[in-house]
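Nothing in this text is a laboratory measurement; each read-out follows from the coordinates by a stated rule. Computed from a prediction, not measured in an experiment: that's the story for all the values here. Here the Cβ positions follow ideal geometry from the backbone for every residue, glycine too, while neighbour counts run over all protein chains shown.
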Amino acid sequence: MNNTHTSTQFLDEQIAYYQARAGEYDEWFLRQGRYDRGPELNRQWAAEVVEMRQALAAFNPAGRVLELACGTGLWTEVLLRYADHITAVDAVSEVLAINRARVQSPQVEYVQADLFEWRPTERYDAVFFGFWLSHVPPERFDAFWEMVRAALVPGGRVFFVDSRYTPTSTAVDHCLGNEQDTTVTRRLNDGRTFRIVKIFYEPQALTERLARLGWQFDVRQTETYFLYGTGQSNPNNMSNIK
């Protein structure tokens, strides 16, 4: 079933899910507990994480960086290798506390805010978001990218990473459902379940959709697990914005 028309109602539940999941969130990225898929697949995951980090290094997010949906800081600490200052925004106080304890840097300013309501008051050289675009409901996609554009200085750039539709990327007791669905059910270690927005993109379709909004992007995917993109607003294509 395509759940596009009902996805907005899951946003409060999505925030509640990440509040409840904060203490176990890193298990997913670190391939621990229910996310441990065995040595071979774990090595594949780790190799593709390295590939993404190499792409981020080549992107070189220097200067003032805005990190949206910063989570527990796994990417914040990587961004600090390049950035002079980071504004890290997330709706969940629990993950911000973990991020702050992990990073412990005066170069990071933390903002607790709902990204669907928040508007930047400054402009940045780069915007980064990790595993967030897939949680933006389809009907909010255009508005989200307008917010990103408003956050950038002229010539500013964007880097994002996200998930591919791959059953072994999630917990052993999760079902991804159909690739065309826009919501999924997620389970915590204690058995509680939540319904959240989750959309899987293909590079070409996403590149074309962003182009219609006036963005020029290079979107790529790793062999199995990840999608990542680099780009900037294209002033020569602004006439395509609806």
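Provide the per-residue ³J(HN,Hα) series for region 223-230, in order, calculated from phi with Karplus coefficients 6.51, -1.76, 1.60 and θ = phi - 60°, each as a whole number of Hz, with x at glycine and proline positions.
4, 10, 10, 10, 10, 8, x, 10
What's the magnitude of the charge dipole for the chain around its Cα centre, counting Lys and Arg as +1 and Asp and Glu as -1 at the beta-carbon? Answer in Debye, nearest 20.
Roughly 200 debye, rounded to the nearest 20.
Search the structure for amide H atoms under 5 Å from the amide H of E67, placed 1.01 Å from N in the peptide plane, and list their residues when 5 or more places away or on another chain.
Amide H neighbours of E67, under 5 Å, 5+ apart: T87, A88, V89, F128.
Could you tell me which residue out of L227, V92, A16 lies farthest along the dipole of the chain toward its positive end? Charges go on the beta carbon: Lys and Arg +1, Asp and Glu -1, centred on the Cα centre.
Selected residue: L227.
For the chain, with a Gaussian network of springs between Cα atoms less than 10 Å apart, report the residue from P154, P106, P61 with the top mean-square fluctuation.
Top of the fluctuation ranking is P106.
Taking the Cβ of each residue in C70, C175 as the centre, tally the other Cβ atoms inside 10 Å and list the residues starting with the fewest.
C175, C70
Given the -39500 (n - 2.57) contribution per DSSP H run of 4+ residues, what per-residue ellipticity at 222 nm results for the chain, rounded to the nearest 500 deg cm²/dmol?
-9000 deg cm²/dmol
Only four residue types carry charge here, +1 at the Cβ of Lys and Arg and -1 at the Cβ of Asp and Glu. Report the dipole size of region 138-184 about the Cα centre in Debye, rounded to the nearest 20.
Dipole about the Cα centre, nearest 20: 300 debye.
Taking the convex hull of the Cα atoms, report for the chain its projected area averaged over all directions, in nm².
Dividing the Cα hull surface by four gives the mean projection, 12.4 nm².
Going 7 Å from the Cα of I15 toward and past its Cβ, which residues in region 123-145 have a backbone nitrogen under 19 Å from where you end up?
132-141, 143-145
Once phi is turned into ³J(HN,Hα) by the Karplus curve 6.51 cos²θ - 1.76 cosθ + 1.60 with θ = phi - 60°, what whole-Hz value does each residue of region 35-49 show in order, with x for glycine and proline?
Calculated HN-Hα couplings, in order: 9, 6, 9, x, x, 5, 5, 5, 5, 4, 4, 4, 5, 6, 4 Hz.
Output wanted: per-residue J couplings in Hz (rounded whole) for region 202-219, from phi through Karplus 6.51 cos²θ - 1.76 cosθ + 1.60, θ = phi - 60°, x for Gly and Pro.
Rounded to whole hertz, the list is 9, x, 5, 4, 5, 4, 5, 5, 5, 4, 5, 9, x, 10, 10, 10, 10, 10.
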